[in-house]
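Heads up, the thing below is written out as structure tokens.
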Amino acid sequence: MRVSVTDDPATTTASRTGGPPAPADPLRTASFAELRSLFAMEPDAVHLNTGTIGVMPYEVLDVNDRVTREWNGGLRNVYPPGMYPEHRAAIGRAFGVDQDEMVICHNATEGVARVINGLDLHEGDEVITTSHECYSVLSNFNLLRNRHRITLTVLTPPVGPDVTAEEIVDMFARAITPRTKVLAFAAVTLFTGTRMPVRQLCDLAQRHGLTTVVDGALLPGLFDTDLRALGPDFVTCSGSKFQCGPLGTGLLYVRNKVHPEHNPLPLPTFWPVISTWYPMMGAPPPRTTTRVESYNMGDYLQSAGSASIARGAALAKACELWDRIGRDRIERHAVALGEHTRARIVERFGVESLYSPLTDDRLTAPLVAFNPFPDRADGWNITKFARLVDELESRHRIWTRWTEFDVAGSPHQHYAARICTHLYNTAEEVDLAVDAIADLVRELS
């Protein structure tokens with residue numbers, strides 16, 4: 001069944017003119033089996049790697065193509081006032097923030113680089129982060145260490161089925177010193193799929209007067225998230241992973257107002273590097289201390305020369321589809337599939353195979369990392385994991401990936417297979433993948 005995503009004009013008009021209420025959006029009531037038909041996915045493909053790249057809906061592809069043709073050759077203004085103001089406002093509402101705090105960027109890596117290099121850090125200032133961050137986070141902080149002589153403290157988080165949120169918060173709390181200025185961490189770790197206790201870590205940072213930088217690459221499109229309520233200063237996101245927008249799209253949240261119930265700290269000094277909107281002389285107004293912005297920081301960051309209007313419009317369309325389906329529904333479906341995945345992995349390979357959390361629901365996400373090989377030492381063997389992923393794709397058309405990360409107390413970097421579930425996946429696909437992995441492990445062992 002192909003789900004229609006077109007509103008009935010008559011019904012929409014009647015509801016706006018005081019007539020009978022419009023029926024429920026068909027996307028809100030469609031089953032997830034029906035919703036799969038929205039996506040440009042080959043019917044025999046099993047895509048369990050959304051943590052790397054999502055699958056675009058047909059409508060998103062269509063918008064990207066249509067808008068490209070509309071502005072090709074200068075038929076549309078490629079420098080509109082504010083750059084994507086209506087898209088940024090609509091996307092911001094979906095994530096609990098305003099247009100002045102929301103930026104459409106090229107990807108999470110660009111967002112991370114612009115945030116980290118815009119922080120007001122100087123020699124001797126300390127940043128605390130973890131070894132499980134994305135490469136772009138660690139490389140940009142290392143750039144600041146080399147350029148400005150900051151101190152970078154890199155912690156190795158605990159892994160495995162019995163990790164708790166309190167262990168992670170305590171790890172950060174014990175590392176804070178009088179020189180600490182920034183806490184930086186992922187909302188969901190790329191490598192082990194640990195959903196970090198963001199609100200608790202932001203509370204910790206606020207008690208110490210620290211700025212928080214959150215890599216939220218895996219948040220949009222997966223979790224029904226209110227970015228402001230989480231309490232961070234900056235969140236950088238991917239638009240092409242769980243949000244299923246085009247490659248080359250990302251989102252950046254920059255706290256631009258003070259809402260004491262979420263984050264009572266003054267706005268941190270921030271330099272909007274890569275900006276054509278920043279004043280050419282003088283300085284912006286002082287940063288606000290209230291719920292009303294003193295200037296539009298989003299505009300400063302959004303206005304950075306020409307950009308792909310088509311990709312921004314397509315990302316906005318993807319966000320609109322998610323709003324219509326219901327972000328709460330999508331989260332429940334993906335989380336339930338994640339629970340099913342963990343159960344099947346424990347059943348097949350044992351609980352000791354898990355690198356991802358299991359017992360603390362606050363830390364679980366629909367990304368599950370595990371070592372399926374019976375010899376635990378194979379967890380150090382990159383060749384076997386690369387072969388496993390390649391064979392899954394070539395023999396079974398199942399797309400997963402392997403990950404690599406530090407484990408506290410281990411002299412070796414560890415490797416894992418990783419399965420990610422999303423709204424277009426099913427329990428049957430997970431079962432198929434786990435069974436295929438078990439068969440391949442017997443061969444490779």
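Out of all the residues in segment 337-352, which are open to solvent by less than 40 Å² (accessible area, probe 1.4 Å), of a type in the set (A, V, I, L, M, F, W, C) and over 19 Å from residue 49 (Cα atoms)?
Scanning segment 337-352 gives a single hit, 349.
Is it true that residue 371 is touching a strand residue (DSSP E or B) at 6+ places or on another chain (Cβ under 8 Å), of a type in the set (S, T, N, Q) and either surrounded by fewer than 20 Cβ atoms within 10 Å (Cβ to Cβ) or at pLDDT below 95 (or both)? The answer is no for residue 371. Residue 221 fulfils the conditions (1) touching a strand residue (DSSP E or B) at 6+ places or on another chain (Cβ under 8 Å); (2) within 20 Å of residue 328 (Cα to Cα) except for a single criterion, (1). Can you tell me which residue within segment 398-425, out of those that are of a type in the set (Val, Ile, Thr) and outside any strand (DSSP E or B), is most open to solvent (accessible area, probe 1.4 Å)? Selected residue: 407.
Just checking, does segment 200-210 include any residue being within 16 Å of the chain's Cα centre (by Cα) and open to solvent by 10 Å² or more (accessible area, probe 1.4 Å)? Within segment 200-210, none of the residues are within 16 Å of the chain's Cα centre (by Cα) and open to solvent by 10 Å² or more (accessible area, probe 1.4 Å).
Any residue at all in segment 246-259 that is surrounded by fewer than 20 Cβ atoms within 10 Å (Cβ to Cβ), touching a helix residue (DSSP H, G or I) at 6+ places or on another chain (Cβ under 9 Å) and closer than 20 Å to residue 60 by Cβ? Yes, some residue in segment 246-259 is surrounded by fewer than 20 Cβ atoms within 10 Å (Cβ to Cβ), touching a helix residue (DSSP H, G or I) at 6+ places or on another chain (Cβ under 9 Å) and closer than 20 Å to residue 60 by Cβ. Scanning segment 134-159 for residues that are over 17 Å from residue 190 (Cβ atoms) and in contact (Cβ under 8 Å) with a residue 12 or more places away in the chain returns 143, 144, 148, 149, 150, 151, 152, 153.
Restricting attention to segment 260-281, the residues that are open to solvent by less than 80 Å² (accessible area, probe 1.4 Å) and either at pLDDT below 95 or in a strand (DSSP E or B) (or both) total 5.
Close Cβ contacts (under 8 Å, 6 or more residues apart or on different chains) running from residues in segment 28-57 that are under 18 Å from residue 324 (Cβ atoms) and aromatic (Phe, Trp, Tyr) to residues that are open to solvent by less than 30 Å² (accessible area, probe 1.4 Å) and not in a loop (DSSP other than H, G, I, E, B) comprise 39/57. Criterion applied to 133, 101, 167 was being under 25 Å from residue 275 (Cβ atoms), of a type in the set (D, E, K, R) and either open to solvent by less than 50 Å² (accessible area, probe 1.4 Å) or over 18 Å from the mean Cα position of the chain (by Cα) (or both), and the one residue passing it is 101.
Here is the figure for segment 12-42: residues that are among the aliphatic types (A, V, I, L, M), more than 18 Å from residue 242 (Cα to Cα) and modelled with pLDDT of 95 or more total 1. The conditions of being open to solvent by less than 40 Å² (accessible area, probe 1.4 Å) and at positive phi are met by residue 305. Within segment 326-336, count every residue that is assigned to a helix (DSSP H, G or I), touching a residue at least 24 places away in the same chain (Cβ under 8 Å) and surrounded by fewer than 24 Cβ atoms within 10 Å (Cβ to Cβ). Matching residues across segment 326-336 total 7. In this structure, residue 183 qualifies as open to solvent by less than 10 Å² (accessible area, probe 1.4 Å) and at pLDDT 95 or above. Checking every residue in segment 143-159 against the condition of being touching a Leu at 6+ places or on another chain (Cβ under 8 Å), open to solvent by 10 Å² or more (accessible area, probe 1.4 Å) and assigned to a helix (DSSP H, G or I) gives at least one match.
The values are calculated or read from the model by the stated rules, or taken from the named source; none is laboratory data. Quantities reported herein were computed from a predicted structural model and do not represent experimental measurements. Heads up, the Cβs are rebuilt from the backbone with ideal geometry, glycines too, and the neighbour counts pull from every protein chain shown. These area figures cover heavy atoms from the full protein model, side chains too; ligands, DNA and RNA do not enter into them. Shrake-Rupley method; radii C 1.70, N 1.55, O 1.52, S 1.80 Å.
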